[in-house]
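The values are calculated or read from the model by the stated rules, or taken from the named source; none is laboratory data. None of these values were measured; they are calculated from a predicted model. A quick note on method: Cβ atoms are made from the backbone with ideal geometry, for glycine too, and the neighbour counts reach across all protein chains shown. Accessible surface is based on the protein model in full, side chains and every heavy atom, while ligands, DNA and RNA are left aside. Shrake-Rupley method; radii C 1.70, N 1.55, O 1.52, S 1.80 Å.
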Amino acid sequence: MNISFADVSLAKAGALALVVTEGNALSGAAADLDRMSGGALKRAVKAADFTGKAGSVLEIVALHGVTASRVYLIGVGKAAELSISALENAGGELVGRLQKAKETAAAVIADGAHSAKIDAGEAAARIAFGAKLRSYRFDKYKTKKKDDNGAVKSLAVMTKAFAAARKSYGTLGKIADGIFLTRDLVNEPANILSPVEFAKRARALTKLGVKVEVLGEAQMKKLGMGSLLGVGQGSVRESQLVIMRWNGAKATEKPVAFVGKGVCFDTGGISLKPPAGMEDMKGDMGGAACVTGLLHALAARKAKVNAIGVIGVVENMPDGNAQRPGDIVTSMSGQTIEVINTDAEGRLVLADALWYTQNRFKPKFMVDLATLTGAIMIALGKEYAGLFSNDDKLSTQLAEVGEAEGEKVWRMPMGPAFDKMIDSRFADMKNTGGRDGGSITAAQFLQRFVNNTPWAHLDIAGTAMASPQTATNQSWGSGWGVRLLNRLVADYYEG
């Protein structure tokens, strides 16, 4: 979808939308439109009892005296309470309506929705951002595409502050591209997106200036990554460790680091999962997908930060060579791990990836992302990602940017009693502490591989895939985390 910005004009073909605040549905451009229609718009507003509440939409087809094929009034709530989420949802809702109506071109007047906190330029850019996010489709494997004519080809966002809006959207559009990359990766079937193919797609970031290294199994074996390699040893597809580096600040500036779990398909290994729903395990690389999309966004917008992205990419299969329950492996850290359950594999991948990252790069902090436990969905549903951390400052920052961007996190407890649950009789630790506190003991396991580095673990099992459909996302793979972590960098660690 092509998005452009222009000054306000009512003489537009195609569909026309007006974004309005509560109690002001007929002010500004809407008042002009009402005059052109001989009062028909006002009558429609009254008949529908439309006030401009957040999420409300009034659609009028062939409004008298107006050239537009249909007119939409989209409410974003009270001006004093206006949020970027409401604006983005307005853009997304509009695109959804246009797709359903098979309108290929539209214009939206954004000047009716701004506030003291969100100026007209930023408001228009956020409406455009939401529209772009909603436009995403993953239909590359459909040979009969029913609704190619249902795609919105162009959207003109109109505001008197069009120059400021265009500048702001220049950054937001690049973040959207990073989200789309993450969605693409999560949506891909596992027969296409093998660990080697994933690494190949990460290498494409070199076009944006990202330095990419890929370590194969022989190199990881030399480094002593027995924890990661054990997970993939039952697959004919070679495991990979991908290191992405964006250098946007001074060489002397310590980097920030992001680490992702990338299990391209998880059968559970010898501890085989039940068949119902196993197809969803193509998305068990959502953490690695987010890290890749984030590095794309940071590089595309030329973020003034040094950022590291490390992803462990493997496939967990029940081959004759597969890891067994009861096996003991030695991690890169030298710590030994008794594998109680081969389906608790993501933490084994992250253990070596985290140790490698903190040992090589000495970052300011590390944030890892993983579709790690079903237990986190029992605790938090699909509304929040679980946050576990050894650092209060980093946790507070993540919570604040999560609220601002609509990708919310909830901090969960950690402590010695939970840590004791993963002590092993035969090794330094075991990879699961049992059913009780399953998400917490998984985090306690990871904490043993971060040393004193400020660290946060985000369990995104409920938010990365099969997440609730919203005004800005109708995709199975949500792209969750890219905007959260981009905002973390922008607000606290850039420049």
Problem set entry | 5 angstrom amide H check on residue 108, placed H, neighbours 5+ away | 17, 156, 157, 158
Exercise. Against the longest principal axis of the chain, how steep is helix 438-447, in degrees 0 to 90 to the nearest 10, with axes from Cα atoms?
Worked result: 70
For this session: At a temperature of 25 °C and a viscosity of 0.890 mPa s, determine how fast segment 117-237 diffuses translationally according to Stokes-Einstein, using the Kirkwood radius over alpha-carbon pairs as Rh; express D in µm²/s, rounded to the nearest whole number.
Result: 135
Problem set entry | Alpha carbon centroid spacing (whole Å) that separates segment 195-241 from segment 255-318 | 12
Exercise. Cα to Cα, under 16 Å, and not fewer than 8 places away if on the same chain: which aspartates and glutamates meet these conditions relative to residue 364?
Worked result: 253, 391, 392, 491, 494
For this session: Could you tell me whether segment 1-113 comes out rounded, prolate or oblate from its Cα gyration tensor? Rule is a ≥ b ≥ c as square roots of the eigenvalues, rounded for a/c under 1.5, then prolate if a/b exceeds b/c, otherwise oblate.
Result: rounded
Seminar exercise, completed: Projected convex hull area of segment 336-409, Cα atoms, direction-averaged, in nm², equals 6.2
Exercise. Among the lysines, which fall within straight-line cross-link reach of residue 261, defined as a Cα-Cα distance under 17 Å, with same-chain neighbours fewer than 8 residues apart omitted?
Worked result: 200, 282
Exercise. How big is segment 202-321 on each of its three principal axes, counting only the C-alpha atoms and giving the largest first in Å?
Worked result: 49, 34, 22
Problem set entry | Proximal aspartates and glutamates relative to residue 430, as straight alpha-carbon distance under 17 Å, when same-chain residues fewer than 8 apart are discounted | 327, 338, 343, 345, 352, 419
Problem set entry | Spatial extent of segment 184-255: Rg and Dmax, with the Cα atoms as the point set, Å | 14.4, 43
Exercise. Which order do peptides 306-314, 450-458, 323-331 fall in by mean Cβ count within 10 Å, highest first?
Worked result: 306-314, 450-458, 323-331
Problem set entry | Debye log10 I(q)/I(0) for segment 52-125, one point scatterer per Cα, at q = 0.12, 0.17, 0.20 Å⁻¹ | -0.33, -0.65, -0.86
Seminar exercise, completed: Excluding ligands, DNA and RNA, the carbon-plus-sulfur percentage of the accessible area of segment 28-82 with a 1.4 Å probe reads 53
Seminar exercise, completed: To the nearest Å², the heavy-atom accessible area per residue of segment 297-360 with 1.4 Å probe amounts to 30
For this session: Using a 1.4 angstrom probe on heavy atoms only, work out the carbon and sulfur share of the accessible area of segment 302-447 in %.
Result: 50
Problem set entry | Centroid-to-centroid separation of segment 434-486 and segment 61-138 [C-alpha atoms, Å] | 30
Exercise. Hey, if you put +1 on the Cβ of every Lys and Arg and -1 on every Asp and Glu Cβ in the chain, which of 255, 390, 376 ends up farthest toward the positive end of that dipole?
Worked result: 255
